[in-house]
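Remarks on the structure that follows.
The values are calculated or read from the model by the stated rules, or taken from the named source; none is laboratory data. Note that the coordinates shown come from a computational prediction; the quantities given were computed from them, not determined experimentally. Cβ placement follows ideal geometry from the backbone for every residue including glycine, while neighbour counts extend to all protein chains displayed. What goes into the accessible areas is simple: the full protein's heavy atoms, side chains included, and nothing from ligands, DNA or RNA. Shrake-Rupley method; radii C 1.70, N 1.55, O 1.52, S 1.80 Å.
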Amino acid sequence: MTPASSPTPRRRRVLLLDDEVLILRAARRALIAAGLDVTMTTDGKEALESITNDPPDAVVSDLHMPEECGARFLTEVASIHPGIVRILSSADL
């Protein structure tokens, strides 16, 4: 009799939203190194569609973007999926 193998735990998934591609790439590298699956986009509508179709465990959004207010975006995320962890980031000091 062989021992039952335990299921492999699902990797946590994070969605990144920022208008700065270099910031997205740097954050993606760090999060992948930490063992997370990462999706990134510069488009708020695309991000909401992704969250609606396949909710991640967490969403990180820039505060100031030309086409999107990060705080407003994360409020909308909370209304769609209240259990998603939401993180607001900003380069402003």
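Points to keep in mind about this one:
- Summed over the range 43-93, residues that are touching a His at 6+ places or on another chain (Cβ under 9 Å) and farther than 19 Å from residue 23 by Cβ total 3.
- If you go through the range 51-68 and keep only what is open to solvent by less than 60 Å² (accessible area, probe 1.4 Å) and modelled with pLDDT under 95, you end up with 65, 68.
- Every residue from the range 31-49 that is in a loop (DSSP other than H, G, I, E, B) and within 11 Å of the chain's Cα centre (by Cα): 36
- Within the range 50-69, the set of residues being within 12 Å of the chain's Cα centre (by Cα) and in a helix (DSSP H, G or I) comprises 50, 51.
- Candidates 24, 48: the one that is surrounded by 15 or more Cβ atoms within 10 Å (Cβ to Cβ) and in contact with a Leu (Cβ under 9 Å, 6 or more places away or on another chain) is 24.
- Residue 76 open to solvent by less than 60 Å² (accessible area, probe 1.4 Å), farther than 23 Å from residue 11 by Cα and charged (D, E, K, R): no
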